[in-house]
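The values are calculated or read from the model by the stated rules, or taken from the named source; none is laboratory data. Since this is a predicted model, take the numbers as computed values, not measurements. Here the Cβ positions follow ideal geometry from the backbone for every residue, glycine too, while neighbour counts run over all protein chains shown.
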Amino acid sequence: MADPIAATITQLRNIQARTGMTIAQLHAAVATSGASKHGEKRSWLMERFKLGYGDANTVVHFIDKPLPDLGGGAPTAAVPDPDADPLATLYTGAKAGLRPLHEAVMARVRGFGAFEESPKKTYVSLRRKKQFAMVGPATQDSVQIGLNAKDLPAHPRLKVQPPGGMCQATTRISSAADVDDMLTGWLRQAYDAAG
């Protein structure tokens, strides 16, 4: 008769190898997803990390429960190649659930025209003749957008930065609703100014 504990340990190790994340990191990502029910969490893992039904179900099963010893818990897969997917290094662990917000912002900016995306260690620089914006995770709950545009109107969502910095203002978003026409207008103003 097969040992069910050994089978579960093997399954969890394989999940870590396939995703390149520890089970704890996957749990942290689920926590930021907004999913509240077991089935919602399972579906989110299946969609976001391309896990099968059984693997996603097992990950969710162990949320808020002690994990068996997985031999250090470190994933055995290689660290994501930043040249292949630079966002994979920015949006990992507890910040993995923020990647759709980043991509929503980028979809708006791509509608403006040509520009260069230059991944840095903690953000992506957006450039034309000069940098016009920066986009990257701020906390596990928000994405920060730096805006390099003078004469932005005063607004509670904008935080004015000290002179001489990389951007004149920053704003943070924490939901898809924050990627609105107002934010798009500020990004467009910065884009146009970088001509």
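Please enumerate the residues belonging to segment 27-39 that are surrounded by 14 or more Cβ atoms within 10 Å (Cβ to Cβ) and in contact with a Gly (Cβ under 9 Å, 6 or more places away or on another chain). Can you show your working first?
Quick first cut of segment 27-39, residues surrounded by 14 or more Cβ atoms within 10 Å (Cβ to Cβ) only: 27-33, 35.
Matches in segment 27-39: A28, A29, V30, A31, T32, S33.
If you check K95 against the conditions, is it out of contact with any helix residue (DSSP H, G or I) (no Cβ under 7 Å at 6 or more places or on another chain), surrounded by fewer than 17 Cβ atoms within 10 Å (Cβ to Cβ) and of a type in the set (K, R)? I'd like the intermediate steps shown before the answer.
Numbers: out of contact with any helix residue (DSSP H, G or I) (no Cβ under 7 Å at 6 or more places or on another chain): yes; surrounded by fewer than 17 Cβ atoms within 10 Å (Cβ to Cβ): no; of a type in the set (K, R): yes.
No; evaluated as a whole, the condition is false for this residue.
Assess whether E103 counts as being charged (D, E, K, R), surrounded by fewer than 18 Cβ atoms within 10 Å (Cβ to Cβ), more than 23 Å from S33 (Cα to Cα) and without any contact (Cβ under 8 Å) to a residue 40 or more places away in the chain.
Details: charged (D, E, K, R): yes; surrounded by fewer than 18 Cβ atoms within 10 Å (Cβ to Cβ): yes; more than 23 Å from S33 (Cα to Cα): no; without any contact (Cβ under 8 Å) to a residue 40 or more places away in the chain: yes.
No.
Among (1) in contact (Cβ under 8 Å) with a residue 60 or more places away in the chain; (2) closer than 18 Å to T32 by Cβ; (3) exposed (fewer than 15 other Cβ atoms within 10 Å of the Cβ), there is one condition A177 misses while meeting the rest; what is its number?
A177 satisfies all of (1) in contact (Cβ under 8 Å) with a residue 60 or more places away in the chain; (2) closer than 18 Å to T32 by Cβ; (3) exposed (fewer than 15 other Cβ atoms within 10 Å of the Cβ) except (1).
Please enumerate the residues belonging to segment 5-54 that are within 20 Å of Q140 (Cα to Cα), touching a Phe, Trp or Tyr at 6+ places or on another chain (Cβ under 9 Å) and among the β-branched types (V, I, T).
Across segment 5-54, the qualifying residues are T19, I23, V30.
Yes or no, residue by residue, for (1) acidic (D, E); (2) modelled with pLDDT of 85 or more; (3) not in a loop (DSSP other than H, G, I, E, B):
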| residue | (1), (2), (3) |
| --- | --- |
| I63 | no, yes, no |
| P66 | no, no, no |
| G72 | no, no, no |
| V79 | no, no, no |
| P82 | no, no, no |
| A107 | no, yes, yes |
| M134 | no, yes, yes |
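Which condition number does G165 fail, the rest of (1) closer than 19 Å to H102 by Cα; (2) of a type outside the set (V, I, T); (3) part of a loop (DSSP other than H, G, I, E, B) being met?
Here G165 meets the rest and fails (1).
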